[in-house]
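Have a look at the structure below before the remarks.
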Amino acid sequence: MSTVRGIFARLEIDERLLGMILCLVGIWIGFHLLSDGRFITPRNLYNLSLQTASVAIMAIGMVLIIIIRQIDLSVGSMLGVTAMIVGVVQTFWLPQILGGGHPMIMVIAVVCGITIGAALGGLNGLMIGYLGVPSFVVTLGGLLIWRGCAWWVTQGQTVAPLDENFTLLGGGVYGTIGETASWICAILAAIVIAFAAHRRRRRHISFGFPVRPAWAEIAVVAAQCALPLGFAAVMNAYEMPAVAAQKLAEIKGWDIPEGGIHIFMGIPIPVLILVALAISVSLLLNKTRFGRYVFAMGGNLEAAERAGINVKRMTVWVFILMGALVGISAIVASARLQSAGNSIGQLDELRVIAAAVIGGCTLAGGAGTISGAILGAVVIQSLQSGMSLLGYDASLQNIFTGLVLVLAVYIDRLYQQRRPG
């Protein structure tokens with residue numbers, strides 16, 4: 001075992017991340033075989049990416065929450081009340097002021113959602129950071145309070161239909177960037193990955209740090225570059241339904257050939273939002289003073305405070321960031337459903353925490369990665385999507401998700417015990 005770990009360390013490979021990837025591949029293959037070849041298809045993977053985006057966006061924020069040794073049980077309820085308010089604003093209020101279909105409706109709705117989410121998160125942070133109330137108690141109360149508020153906003157009535165421009169942010173038939181733009185984004189991503197790897201290797205060499213062997217560096221970078229290219233290929237392999245393609249062609253004024261028009265979907269907008277947020281928060285966490293303070297608080301809160309870090313203010317800012325991400329997730333989730341109902345976001349707190357923990361966040365604090373949390377969200381959603389495909393009801397899906405969460409915490413505990421001191 002020590003030899004294997006030594007090889008992984010020499011090649012700079014995260015063994016936990018590699019294990020999660022292998023686990024995900026196993027899950028996909030298993031469901032593909034059990035569903036008679038219906039799981040690993042462009043259509044199902046397209047829908048899986050849409051379903052994962054909302055949870056993964058919140059999981060990004062949960063990573064920071066868990067790193068500083070806190071927890072947020074209210075994210076699902078916060079999503080629900082935010083989505084309901086945003087739905088009311090764009091469906092009942094703004095059309096009377098700006099007129100139906102006005103492009104500013106989407107902009108104002110997005111700003112409103114992020115602002116409300118950040119405010120609710122900041123309220124949690126104030127009570128936890130400055131009043132000293134345990135985060136478990138504050139957010140458990142929030143889970144109940146905000147879910148009740150979500151019902152109170154419209155007395156339990158579903159808000160629909162939402163603004164057409166707004167619903168594009170949820171993906172769906174027209175919420176993509178198209179085939180050509182998808183290839184451009186994937187190629188640019190591969191170029192950036194290769195350039196960043198080359199720059200990092202040169203810096204390590206210049207400072208005398210150990211680097212991977214050349215063959216290993218090429219293999220790892222090639223695998224990283226293949227990810228966006230492969231994803232774009234799969235998304236572009238999913239053809240838009242014929243009726244939707246014909247309607248789009250009529251709107252755009254395109255000539256429709258005799259055999260019908262064939263349009264391929266491309267990368268959904270929610271996935272691009274997720275990628276942009278993941279990159280931004282990763283840079284914030286790993287390249288800024290804010291990120292160093294976050295890890296310092298997770299490592300030793302008392303030592304961080306004695307070192308001059310304002311841990312109370314930092315706690316507030318971390319929860320504000322969590323709330324803002326919840327607001328973005330509420331936008332994506334309601335836009336995907338094209339409505340805002342009282343049940344939106346229910347049990348999302350379970351999925352978000354499970355994604356972060358499965359992705360490598362230790363509940364003891366001080367450790368966690370954004371990429372791991374996103375991969376954890378993909379694992380959680382893959383389990384639910386696969387069981388839905390096999391006909392299992394929601395209750396069994398929740399049971400299985402809970403079991404996976406407990407297993408992930410147990411595996412993390414074993415990993416921490418066996419990790420060399």
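The values are calculated or read from the model by the stated rules, or taken from the named source; none is laboratory data. Just so you know, these numbers come straight off a predicted model, no measurement behind them. Methodologically, a virtual Cβ is constructed for each residue, glycine included, from the backbone with ideal geometry; neighbour enumeration extends over all protein chains shown. Heads up: the accessible areas ignore ligands, DNA and RNA and are worked out on the full protein's heavy atoms, side chains in. Shrake-Rupley method; radii C 1.70, N 1.55, O 1.52, S 1.80 Å.
Which condition breaks for Pro161 when tested against (1) under 30 Å from Val89 (Cα atoms); (2) part of a helix (DSSP H, G or I)?
Going through (1) under 30 Å from Val89 (Cα atoms); (2) part of a helix (DSSP H, G or I) one by one, Pro161 breaks only (2).
Can you tell me how many residues in region 263-287 are out of contact with any Asp or Glu (no Cβ under 6 Å at 6 or more places or on another chain) and either surrounded by fewer than 12 Cβ atoms within 10 Å (Cβ to Cβ) or of a type outside the set (A, V, I, L, M) (or both)?
Adding up the residues that qualify gives 7.
Does Met235 fit the bill of being open to solvent by less than 80 Å² (accessible area, probe 1.4 Å), modelled with pLDDT under 90 and not polar (S, T, N, Q)?
no
I'd like to check something: does region 91-98 contain any residue that is surrounded by fewer than 22 Cβ atoms within 10 Å (Cβ to Cβ), assigned to a helix (DSSP H, G or I) and touching a strand residue (DSSP E or B) at 6+ places or on another chain (Cβ under 6 Å)?
Scanning region 91-98, I find at least one residue that is surrounded by fewer than 22 Cβ atoms within 10 Å (Cβ to Cβ), assigned to a helix (DSSP H, G or I) and touching a strand residue (DSSP E or B) at 6+ places or on another chain (Cβ under 6 Å), so the answer is yes.
Is it the case that Val271 is at pLDDT 95 or above and either part of a helix (DSSP H, G or I) or not assigned by TED's automatic domain parsing to the domain that holds Val111 (or both)?
Spelling it out, Val271 is indeed at pLDDT 95 or above and either part of a helix (DSSP H, G or I) or not assigned by TED's automatic domain parsing to the domain that holds Val111 (or both).
Any residue at all in region 241-258 that is open to solvent by 40 Å² or more (accessible area, probe 1.4 Å) and closer than 30 Å to Arg212 by Cβ? I'd like the intermediate steps shown before the answer.
First, the residues of region 241-258 that are open to solvent by 40 Å² or more (accessible area, probe 1.4 Å): 241-243, 246-247, 250-258.
Going one step further and asking which of them are closer than 30 Å to Arg212 by Cβ, we end up with none.
No: zero hits.
Just one of the numbered conditions (1) part of a helix (DSSP H, G or I); (2) surrounded by fewer than 16 Cβ atoms within 10 Å (Cβ to Cβ); (3) without any contact (Cβ under 8 Å) to a residue 24 or more places away in the chain is not true of Phe209; which one?
Going through (1) part of a helix (DSSP H, G or I); (2) surrounded by fewer than 16 Cβ atoms within 10 Å (Cβ to Cβ); (3) without any contact (Cβ under 8 Å) to a residue 24 or more places away in the chain one by one, Phe209 breaks only (1).
From the list Ala190, Ala223, Ala219, Ala197, pick out the single residue that is open to solvent by 60 Å² or more (accessible area, probe 1.4 Å), part of a helix (DSSP H, G or I) and among the small types (Gly, Ala, Ser).
Only one candidate passes the filter, namely Ala223.
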